[in-house]
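Nothing in this text is a laboratory measurement; each read-out follows from the coordinates by a stated rule. All figures in this text were calculated on a predicted structure; none of them were measured in a lab. Cβ coordinates were reconstructed from backbone atoms using ideal geometry, including for glycine residues, and neighbour counts include every protein chain displayed.
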């Protein structure tokens, strides 16, 4: 047992994994959640949301999703799963609900920033000092809406606030953005017989969720090939089953050749509705004029509602801007995306999102962060952030290719072990290897809940 105390910010999927990891190691920990429940954004996402990764590879190791869930669980099913995980591990009673973290300030020291710990101020007016802070506040809350000349006089809703077509005013809908959320919103509108257009400024390779009825990531024959070969074979399967952009009126040609080069857009229902004439593809927006939207190709259309599926800013509102080094508004990090530039004993869990299932990877990130925290408990006398920066370039991406993330995690694990050897310290738990395949599911959901 150690006397070190830690703070976890957030009780979504990443925060729950982090809290569980720290408690299982015997650490003293406070967890603050601004809302009244666990699950984070899954509680408030749009109703039509489903996982784009499959049930059997998305859950926490040792706590698989129920076998009677569909292959691609819904928003409500994921929320129920996260609640069950918290119940099974006794996490609810370890979380302070309805309390927001207002500020996280480094304890003054002559050493590196954060090396003496952090002072956390919460919305109840209390200040607490911690040896380390693990940030799992998510990156899907600060809505990004681009500036467009002119004024739109209809209704505007961001995907982060959209719940269902009941939010839509009128019958003419323009979806701006063609990532996964934009596709979902356009499909939702089309399926409710609304006149739907979607802005696609740059082409994508739209990936189906399954081939031959099997989830993409579970095609066993692909696993024998390299990452690059899998990319090629998947593209061939997409072309054979769905065609190319030329088969779907209005879609622009993708400006890249491989899946790795483009954003991972996993949706073929949009293609279905384009071919059925229920979704019209339009280019970028030039300007607004009342309810008229002028597009960059000289055309224009009348709309009642604009749905912005334009993403989020990955902000850390409780940290002073002067503490963070950023690029294009994204915090710069090392250590597999966990350690913010120049800051010690502060760990970002879930800000790195390697492609593929996410929930399964949060305990891996949390365990590596714990190994780094234990170095400080064992007497580390040099900046860990500085040691990482001496060996690794800064990472600004949120969406990361899986092999790139794996290499960063392995390099960080190696550095942590070298520092531990220098301190003659035995780390418990040992820093983890990143899973090079889907996290294996062990045990059963029912057994985990009962126990």
> Peptides 377-386, 221-230: what's the order by average Cβ count within 10 Å, highest mean first?
Replying inline: 377-386, 221-230
>> Students often check this: by mean Cβ neighbours within 10 Å, which of 147-156, 336-345, 10-19 ranks highest, and how do the rest follow?
In response: 10-19, 336-345, 147-156
> Within segment 100-219, what percent of beta bridges assigned by DSSP are antiparallel, to the nearest 5?
Replying inline: 70 percent
> What is the helix-to-structure angle for 13-24, meaning the angle in degrees between its Cα long axis and the longest Cα principal axis of the chain, kept from 0 to 90 and rounded to the nearest 10?
Replying inline: 20 degrees
> Roughly speaking, what is the centre-to-centre gap between segment 233-259 and segment 2-36 when only Cα atoms are used, to the nearest Å?
Replying inline: 43 Å
> R0 = 45 Å: FRET efficiency of residue 244 with residue 110, Cβ-based, nearest 0.05?
Replying inline: 0.15
>> Looking at segment 145-309 only, what percent of DSSP beta bridges run antiparallel? Nearest 5 please.
In response: 30 percent
> What order do you get for 74, 54, 220 when you list them from fewest to most C-beta neighbours inside 10 Å?
Replying inline: 220, 74, 54
> So for 157, 359, 274, fewest C-beta neighbours within 10 Å to most, what's the order?
Replying inline: 157, 274, 359
> If you line up the long axis of helix 362-377 against the longest principal axis of the chain, both from Cα atoms, how many degrees apart are they, to the nearest 10?
Replying inline: 30 degrees
> Which angle between 0 and 90 degrees, to the nearest 10, do you get for helix 75-88 versus the longest principal axis of the chain when only C-alpha atoms count?
Replying inline: 10 degrees
> Using only Cα atoms, what Kirkwood radius does segment 58-119 have, in angstroms?
Replying inline: 15.2 Å
>> If packing is taken as the average number of other Cβ atoms within 10 Å across a peptide's residues, how do 37-45, 108-116 rank, most packed first?
In response: 37-45, 108-116
> So if R0 is 56 Å, what FRET efficiency would residue 50 and residue 381 give, r being the distance between their Cβ atoms, rounded to the nearest 0.05?
Replying inline: 0.70
> Between residue 193 and residue 155, what is the FRET efficiency for a Förster distance of 22 Å, r being their Cβ-Cβ separation, to the nearest 0.05?
Replying inline: 0.75
>> Using alpha carbons only, how many angstrom separate the centre of segment 328-346 from the centre of segment 97-154?
In response: 14 Å
>> Restricting to Cα pairs below 8 Å that are 6+ residues apart, what does the relative contact order work out to for the chain? Please round to a whole percent.
In response: 21 percent
> Rounded to the nearest 500, what is the chain's calculated 222 nm mean residue ellipticity when only DSSP H runs of at least 4 contribute -39500 (n - 2.57) each, over all residues?
Replying inline: -8000 deg cm²/dmol
>> What does DSSP give for the chain in terms of the percent of beta bridges that are antiparallel, rounded to the nearest 5?
In response: 45 percent
> If you average the sequence gap of Cα pairs under 8 Å that are 6 or more apart and divide by the length of segment 22-170, what percent do you get for the contact order?
Replying inline: 25 percent
> [x] 1.12; [y] 1.02; [z] 0.98: which one is Cα Rg over 2.2 N^0.38 Å as calculated from this entry?
Replying inline: [y]
> For the residue pair residue 5 and residue 430, what label-to-label distance in nm results when each label sits 7 Å from Cα along the Cα-to-beta-carbon direction?
Replying inline: 3.3 nm
